[in-house]
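Every read-out reported here was derived from the displayed coordinates using simple, explicitly stated rules and does not represent laboratory data. Remember, it's a predicted structure, so these values are computed and weren't measured experimentally. Every residue, glycine as well, gets a Cβ built from its backbone with ideal geometry; the counts of neighbours run over all protein chains shown.
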Amino acid sequence: MWQILKTASILTVFAVLGGGLVAFSYQATVEQIKTNEREALLRTLTVLVPTSTYDNDLFSDIKKMPSELGIDNSLTIHRARKSGQPIAAILTPSATDGYNGRINMLIAINYAGTLIGVRVVSHQETPGLGDKVDRRRSEWILGFNGRSLLDPADSGWKVKRDGGVFDQFTGATITPRAVVRTVHKTLQFYWKYREKIFEE
């Protein structure tokens, strides 16, 4: 009996110490993780909307809106302004119908409604196939630059296999189809709510 209590006590001490060490490590790194995430987001935002085109802080000039774009709660929109005038909005939708789940994106649209650029910021798509939506893997995502609701017309906002204008990948049609659909829906959302997006 005494041996069992002694062993249990030792295990309890190690469990408490281990838990404390994990908690301490988390607390020691959580701020650095947040800083790193913010810097990575800022790098992507400035690739999409160069700093020379706006003079406000994209991290403080944000708007949260109820989403129709696959986000669970609300859509975060970073707003770029120059001398108080709206320049662009960077929206954060998710394609929920990717082959392996959510494809989270940043979509930059100028005030007139033309796409400045699209970047996938996280996904679980198949390496070598669906991951070509990622700019680090291919230039496919650059095909959205300069597009709008008028270019192409609604019927063109599909992959070529479905009668649209956007390329698909050999062996991976689901992923580009999901991204094209989400970019198109994001443009429609932007146009529908543009004035509200830039309200103070």
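Numbers for the structure displayed
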| read-out | value |
| --- | --- |
| In order through the range 30-37: 3J(HN,Hα) via Karplus (6.51 cos²θ - 1.76 cosθ + 1.60), integer Hz, x for Gly, Pro | 4, 5, 5, 4, 4, 4, 4, 5 |
| Antiparallel bridges, percent of DSSP beta bridges restricted to the chain (to nearest 5) | 95 percent |
| Summed residue charge, Cβ within 11 Å of T114's Cβ, Lys/Arg positive, Asp/Glu negative | 0 |
| Rounded to the nearest 20 debye, dipole of the range 49-197 from Cβ charges on Lys, Arg, Asp, Glu | 100 debye |
| Where the Cα pairs of the range 146-191 fall when distances are cut into 10 Å bins, in % | 29, 56, 15, 1 |
| Lysine pairs meeting the criterion (Cα under 26 Å, 8 or more apart or interchain), as found in the chain | 19 |
| Length-normalised contact order of the range 125-200 in % [C-alpha pairs under 8 Å, at least 6 apart] | 26 percent |
| Around L149: net Lys/Arg minus Asp/Glu count, Cβ-Cβ under 13 Å | +2 |
| Length-normalised contact order for the range 49-197 - Cα pairs under 8 Å, 6+ apart - percent | 18 percent |
| The range 54-119: radius of gyration and largest Cα-Cα distance (Dmax), Å | 12.7, 43 |
| Full-stretch length increase - L149, V47 - with 0.36 nm per residue and alpha-carbon distance subtracted | 34.5 nm |
| Net +/- balance of residues flanking Q168 in space, Cβ distance below 11 Å, scoring K and R +1, D and E -1 | +3 |
| Centre separation in Å (Cα based) which lies between the range 6-77 and the range 133-194 | 29 Å |
| Estimated vicinal HN-Hα couplings, Hz - the range 141-147 in sequence order (Karplus 6.51, -1.76, 1.60; Gly, Pro = x) | 5, 5, x, 8, 4, x, 7 |
| More than 18 Å apart - percent of Cα-Cα pairs taken over the range 1-48 | 59 percent |
